[in-house]
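None of the figures in this text is laboratory data; all of them are computed from the coordinates on show. Predicted, not measured: the structure shown is a model, and the values here were computed from it. Here the Cβ positions follow ideal geometry from the backbone for every residue, glycine too, while neighbour counts run over all protein chains shown.
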């Protein structure tokens, strides 16, 4: 039932509060009706994103504490603490879990004489915990950049701190049945060797021309796009946790976000991953000071890269700050990771916080004040990402970095919106596949008329028609033929947040952790 229009308050950057008439969203009401009728919904269900699918708050872990000062680290002495910190990490790994704790002060982890390799962390339940990211807290300082693994490949600089996992993935079986979006049970030749609670992924890689044509939704594939035409073809990868096994039938906790058609050769693999790792209450400080030039050299593209979360599930980063880095954080090949309540400042660089080749990542309450070239966004086969109540400056634009990301929600995001910041190599286009959703996006840069998502001006801005609801702010209009839905243009809609409403619908109420996170205010 459609309710009467209501009003809600929006606080502007200048501190003024005005009332804007919020339209009741027809797109949302259609979603509710389709859910009620048990139909496949036009809007993806993003409510499973984040740590433990949004059902649990990030805990205050109480594992055994490994205080880095007990391993030889000395804060504020302007000498390298790298060896001591690595010893503390190895001790926590050997223990099977642990909090690697940094008392207040400055710790130097990448001095000129230190190894030019990342500090690596592998294992479940390892948490890097500081004493706060503000004044009087914990500062991790990285004075020297890390060189690229391959000097000829600008993108191969490692991150200073990298989480990963031991073990290898293993093929189990082809998927024998078809699934609509929203279903969660796959039939296998055999489920032998699998167990409840285990993490797996289903994958599609197929160059069938009919499949490609269908996936492109009427948009044309360029001959230079070798990945989708010749190499990977249509590539989809979804990570899932097994809820139950009944014979050769495996049911996931999370519904699939892409339709599965078994004729195209979907396969299921085990997933080697680390679980319950975290980073919290730390100020990361780099030494990136140059005037950034995109793709100038490896230093500019990633010499100062802070934290990578790779091959992790049900993990998190929170209450951290980042200053003077040219890459902030990368969530890669992971699932159900939350990055919340983080601030980015300092010299502008290459990229902010983003998800790549991952499933159901939640990026919430991130304040990117540094104007990174690429704002918070997605890349590669990422699916189900939620970018919620994130703010960045008017000097950058939202990011979609090619290699077939899908089903991305920009929810109550505020920042610039203009051509030219969706990255990725030409051979890996398009920039985004189906189900890009912009919900109550507030644009803060200059208005444009007839903005194109499938640009006729350049080869590198190619996004399939998005669903746009409640886009407001500067006054930009869109090329109508390149948008699937453009509802309530210029005026916010009710519900204010799609993610919040979908999660509340699934759980019966908005969880306390989200209520509290929503109260966090940008400074």
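Each part reduced to its alpha carbon centroid, the range 200-266 and the range 367-389 end up 23 Å apart.
For a Förster distance of 41 Å, can you work out the FRET efficiency between the beta-carbons of residue 222 and residue 195, rounded to the nearest 0.05? Walk me through the numbers before you get to the answer.
Details: r = 44 Å, r/R0 = 1.08.
Calculated value: 0.40.
Judged by the mean number of other Cβ atoms found within 10 Å, the most tightly packed of the peptides 328-336, 408-416, 205-213 leads the ranking 328-336, 408-416, 205-213.
Taking the highest mean first, how do the peptides 190-198, 353-361, 162-170, 264-272 order by number of other beta carbon atoms within 10 angstrom per residue? Before the final figure, lay out each step's value.
Working: 190-198: 12.2, 353-361: 27.9, 162-170: 16.4, 264-272: 18.2.
Taking the mean over residues of other Cβ atoms within 10 Å, the ranking is 353-361, 264-272, 162-170, 190-198.
Length available on full extension from residue 155 to residue 485: 0.36 nm per residue minus the Cα-Cα distance, which gives 115.3 nm.
Starting with the highest mean, order 420-429, 34-43 by the number of other Cβ atoms within 10 Å, averaged over the residues of each peptide. If you can, show how the numbers build up before the last one.
Details: 420-429: 19.3, 34-43: 13.1.
Listed from highest to lowest mean packing, they are 420-429, 34-43.
At 222 nm, what helix-only mean residue ellipticity would the chain give, in deg cm²/dmol to the nearest 500, using -39500 (n - 2.57) for each DSSP H run of four or more?
Working: 5 runs with 49 residues, N = 523.
Computed mean residue ellipticity for the chain: -2500 deg cm²/dmol.
Computed from the C-beta positions of residue 38 and residue 369, the FRET efficiency with R₀ = 45 Å rounds to 0.50.
Working out 0.36 nm times the residue gap between residue 425 and residue 248, then minus their Cα-Cα distance, what length gain in nm do you get to one decimal?
Details: separation 177, 0.36 × 177 = 63.72 nm, distance 4.02 nm.
Roughly 59.7 nm would be gained on extension.
An oblate overall shape is assigned to the range 267-330, the ratio a/c of its alpha-carbon gyration tensor axes (a ≥ b ≥ c) being 1.5 or greater and a/b not exceeding b/c. So how far, in whole Å, is the C-alpha centre of the range 464-523 from the one of the range 306-361? Using only Cα atoms, the two centres lie 22 Å from each other.
Counting pairs of alpha carbon atoms under 8 Å apart in space and at least six apart in sequence, what relative contact order in percent does the range 252-368 give?
Relative contact order comes out at 24 percent.
First measure r as the distance between the Cβ atoms of residue 262 and residue 62, then evaluate 1/(1 + (r/R0)^6) with R0 = 56 Å and state the FRET efficiency to the nearest 0.05.
Working: r = 45 Å, r/R0 = 0.80.
It comes to 0.80.
Please compute the contact order of the chain in relative form: average sequence separation of alpha-carbon pairs under 8 Å and at least six residues apart, divided by the residue count, as a percent.
Values: 1488 pairs, mean separation 67.7, N = 523.
For the chain, the relative contact order is 13 percent.
Modelled spin labels at residue 520 and residue 176, positioned 7 Å past Cα toward Cβ, are 4.6 nm from each other. Summary of the geometry: the range 175-189 and the range 68-120, compared by the centres of their Cα atoms, lie 46 Å apart.
Anisotropy class assigned to the range 196-351 is oblate, per the alpha carbon gyration tensor with a/c at or over the 1.5 cut-off and a/b no larger than b/c.
With a ≥ b ≥ c the root eigenvalues of the C-alpha gyration tensor of the chain, is it rounded (a/c under 1.5), prolate (a/b larger than b/c) or oblate? Rounded, because the longest to shortest axis ratio a/c is under 1.5.
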